[in-house]
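Values in this text are rule-based calculations from the coordinates and carry no lab data. Everything quoted here is computed from the prediction, not taken from an experiment. Glycine also receives a Cβ, built like all others from the backbone with ideal geometry; neighbour counts cover every protein chain displayed.
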Amino acid sequence: MSDEPIIQIKNVSKIFGGTVKAVDEVNLEVKRGEFFALLGPSGCGKTTLLRMLAGFEVPTHGQVIVDGQDMSKVQPNKRPINMVFQSYAVFPHMSVEQNVAYGLKMDRRPAKEIRERVAEALELVKLGGYGKRMPDEMSGGQRQRVALARALVKRPSVLLLDEPLSALDAKLREAMQLELVRLQKTVGITFVIVTHDQSEALSMANRIAVMNAGTVQQVAPPTTLYEQPANRFVADFIGKINMIEGDAVAAGDGQVKVTAPVIGEVTLAGTATGKVALAVRPEKIFVSETKPTDPAVIAVKGKVGEVAYFGSYSNVFFDIGLPAPLQADISNVSSDIEEIIFTAGEEYWVYWRKSDTLVLG
Amino acid sequence: MENWKRSAQTFWAAFAPPTFWLVTFFIIPLSLIWLYSFSSKTGVIDITLDWNLNQYARALEPLYLGIFWKSIVMATATTAICLVVAFPVAIAIVFSKPNMRMWLLLLVILPFWTNLLIRTYALIAVLRTNGFINNGLEWIVVNADWALSLIGLGDNTIVGPFTPLQLLYNNTAVVFGLVYVSLPFMVLPLYAALDRLDRSYLEASLDLGAGHTRTFFSIVVPLALPGIASGIVITFIPAMGSYLTPDLLGGTDSKMIANVIASQFKQANNWPFGAALSFLLMYATFFALAVRAVLMRKEGRGDVR
């Protein structure tokens with residue numbers, strides 16, 4: 001039962017106006033009880049995909065299955081899915097209580113049960129005692145809690161959240177991230193969240209689907225996504241990364257031989273061949289005044305360019321003789337200023353482990 | 001913003017012409033009529049202002065109260081029918097494609113480009129005894145009879161003979177005409193209200209399990225209430241004081257209050273009484289506006305326009 005995915009998206013496409021492919025042959029599975037994120041830049045089709053789950057858009061072709069049931073003929077009001085809208089869409093002419101009770105009234109639950117469940121839901125989102133308020137007497141954050149309570153009170157199989165944190169200020173956003181994770185653990189409902197903010201997705205979700213131009217680029221847990229991105233788009237979209245263009249040929253045994261300017265020839269784990277990018281995260285780069293002797297690293301000479309000091313680390317740009325500088329996040333492990341300061345023009349050996357180098361097609 | 005307030009010259013240059021216009025052609029004439037309503041008719045063209053209330057007393061006689069009541073009933077029926085007809089129209093326009101919307105709105109306001117008198121005569125051409133509707137019906141009946149005669153059921157045994165429907169010169173014709181004239185006044189404010197309505201409210205309602213009908217009555221209607229109220233007021237008030245439509249489409253018993261007022265000023269040559277009736281109509285209108293304002297304030301969050 002619990003192994004069966006709660007949402008199955010099979011070959012789903014959505015074409016607007018006959019030509020615009022918003023979603024292009026997407027296949028996805030969301031597991032029961034998971035906190036799943038759809039991440040991508042604006043216009044990548046993530047919201048369209050979410051709206052197809054809710055039933056507000058009909059797939060041009062493909063199949064959406066929720067809880068084993070094909071949703072293609074099911075109207076939005078009959079789906080076991082509820083949604084928290086980006087604008088919250090808290091009904092302005094109803095009190096908080098009436099808003100939360102709305103869905104239960106539509107289900108014709110008895111009045112006593114509605115009262116109890118509404119109170120319980122408001123308690124859950126820490127809005128106990130706010131029942132009689134009108135939405136225009138509440139802050140944005142509180143209105144969002146109302147929207148959450150209103151959706152959760154129906155105990156859906158899946159809760160959809162469309163950019164739930166985008167309208168909140170930075171501080172509230174962080175608090176709400178933790179809050180959503182706590183809430184999801186408490187109620188055990190599958191959450192599917194749409195966001196363009198990678199840190200939001202990384203910190204909250206169990207698994208993330210990165211989308212671009214209507215297609216899914218990679219589906220993986222946050223760590224895999226960051227450490228082992230499937231392609232350049234994912235690598236570039238999530239976090240910072242250095243890329244050095246090169247050519248790769250297969251070397252057998254899951255390895256490729258890459259030839260790149262400055263670096264020369266190096267054999268790395270990977271499968272991509274042809275035009276590739278050697279990619280390495282800035283925090284995995286080390287500096288040394290002497291040439292590293294370890295054969296397990298790639299080392300190049302670099303001249304310090306721009307430096308940004310962030311306290312715990314410094315973001316240093318090295319000119320390594322390529323068009324793009326190599327950026328390194330150097331951890332400031334010493335409190336000796338002399339030791340951690342970088343001056344433009346200084347030359348260092350810049351190196352990183354071969355095993356930290358990604359070969360991206 | 002502050003500039004024109006500080007410069008007195010600019011202020012008066014902008015302020016004086018419209019003020020002059022309003023005072024000369026609105027406030028003074030209206031005041032004169034108001035004074036007439038407290039005067040007595042002392043000769044064929046002589047009117048003496050003696051501050052009596054006889055005209056108002058007469059206006060409140062059952063005969064005229066009856067006509068007032070009739071006007072209210074007709075205007076209410078007109079407004080109600082307009083609301084029921086205009087709501088789907090407004091919804092259809094709001095949900096149509098953006099490039100279609102402009103054309104549909106144009107169709108709604110197209111009748112304004114023609115004179116009311118011409119439109120009303122055109123309506124007479126449609127409704128009269130040998131108008132389009134009756135001619136069309138007659139054609140159907142005659143042909144149906146002919147078709148039936150082929151199977152031996154002709155000669156008006158089943159259908160016919162055709163007697164033209166009396167579609168004109170009765171109260172129904174007046175309400176029909178008023179609905180026709182007033183419909184744009186209802187459609188436009190409803191359209192404006194629905195257009196501003198955030199679609200996500202509707203989607204949230206559907207998402208929470210409400211059907212389309214429930215969503216309409218629980219979400220759309222309450223949130224469009226300011227537009228509905230505006231539509232009702234700007235339909236009801238002109239309908240209540242309509243003159244031309246009952247005059248041309250109505251029968252002998254379809255007189256509305258404006259027709260009575262006109263006949264007092266014209267045929268009866270009794271300006272004081274006509275003036276009193278006019279002001280009673282105006283007070284009734286003010287009352288309707290006040291009721292709306294109170295209702296809207298109770299609602300709390302309608303932007304009253």
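Quick notes on this one:
- Within a straight-line Cα-Cα reach of under 16 Å, B:Lys266 can be paired with the following lysines, leaving aside sequence neighbours fewer than 8 residues apart in one chain: B:Lys41, B:Lys255.
- On the basis of the beta-carbon distance and an R0 of 22 Å, A:Thr224 and A:Lys354 show a calculated FRET efficiency of 0.65.
- With a 10 Å cut-off around each Cβ of A:77-89, the average count of Cβ atoms from other chains is 4.
- Between A:Val297 and A:Lys354, the built amide H atoms are under 5 Å apart, and every one of these is 5 or more places off in sequence or on another chain.
- Taken residue by residue and averaged, Cβ atoms of other chains lying within 10 Å of the Cβ of B:207-220 number 6.
- Of all DSSP beta bridges in chain A, antiparallel share, percent nearest 5: 75 percent
- For the range A:296-357, the pair-distance distribution built from all alpha carbon pairs, in bins 5 Å wide starting at 0, is 4, 18, 25, 26, 18, 8, 1 percent.
- Short-range pairs are left out: with C-alpha atoms under 8 Å and at least six residues apart, the relative contact order of the range A:1-121 is 22 percent.
- Exposure proxy ranking, count of Cβ atoms within 10 Å, fewest first, for B:Ile237, B:Ile28: B:Ile28, B:Ile237
- For the range A:137-191, a crude dipole built from +1 on the beta carbon of Lys and Arg and -1 on the beta carbon of Asp and Glu, taken about the Cα centre, is about 280 debye to the nearest 20.
- Part-to-part distance (alpha-carbon centres) for the range A:264-343 and the range B:135-201, which is given in Å: 83 Å
- Here the gap between B:Arg199 and B:Ile91, fully extended at 0.36 nm per residue and compared with their Cα-Cα distance, gives a gain of 37.7 nm.
- Under 5 Å between amide hydrogens, built in the peptide plane, is the criterion, and for A:Ile208 it picks out A:Ala37, A:Ala220 among residues at least 5 positions away or on other chains.
- Cα gyration tensor shape for the range B:189-265, rounded if a/c is under 1.5, else prolate or oblate: prolate
- Burial ordering of A:Lys126, A:Lys10, fewest other beta-carbon atoms within 10 Å first: A:Lys126, A:Lys10
- A simple packing score, the average count of other Cβ atoms within 10 Å per residue, orders the peptides A:112-120, B:98-106, B:72-80 as B:72-80, A:112-120, B:98-106, with the highest score first.
- Cα-based shape type of chain B, given that a ≥ b ≥ c are square roots of the gyration tensor eigenvalues and the cut on a/c is 1.5: oblate
- Translational diffusion of the protein assembly as shown, µm² s⁻¹ [Kirkwood Rh, Cα pairs; Stokes-Einstein; 37 °C; 0.692 mPa s]: 101 µm²/s
- Fraction of alpha-carbon pairs over 20 Å apart in the range A:7-235 - percent: 59 percent
- Mean separation of Cα contacts under 8 Å (6+ apart) over length of chain A, as relative contact order %: 15 percent
- From most to least packed by mean Cβ count within 10 Å, the peptides A:330-338, A:25-33, A:44-52 give A:44-52, A:25-33, A:330-338.
- Rounded, prolate or oblate (a/c below 1.5 giving rounded, otherwise prolate when a/b exceeds b/c) for the range A:95-192 by Cα gyration tensor: oblate
- Span from the the range A:93-141 Cα centroid across to the the range A:1-45 one, whole angstrom: 31 Å
- Cα-based Lys proximity count in the range A:240-360, under 25 Å, for pairs eight or more positions apart or on separate chains: 22
- Residue-averaged [θ]222 nm for the protein assembly as shown, counting only DSSP H segments that reach four residues, each worth -39500 (n - 2.57): -14000 deg cm²/dmol
- Listed residue (A:Pro282, A:Ile238, A:Gly17) projecting farthest to the positive dipole end of chain A, Cβ model: A:Gly17
- Label-zone membership for the range A:73-103, site A:Met134, 7 angstrom Cα→C-beta point, backbone N under 11 Å: A:92-95
- Charged side chains reduced to their Cβ positions (Lys and Arg at +1, Asp and Glu at -1) give the protein assembly as shown a dipole of some 2140 debye around its Cα centre.
- In this entry, the range A:1-77 is assigned a mean projected area of 5.4 nm², taken as a quarter of its C-alpha convex hull surface.
- Applying a threshold of 19 Å to the alpha-carbon distances of A:Lys105/A:Lys154; A:Lys21/A:Lys73; A:Lys31/A:Lys73; A:Lys10/A:Lys73; A:Lys14/A:Lys73 flags A:Lys21/A:Lys73; A:Lys31/A:Lys73 as lying beyond it.
- Contact order relative to length of chain B, as percent, for alpha carbon pairs under 8 angstrom and 6 or more apart: 25 percent
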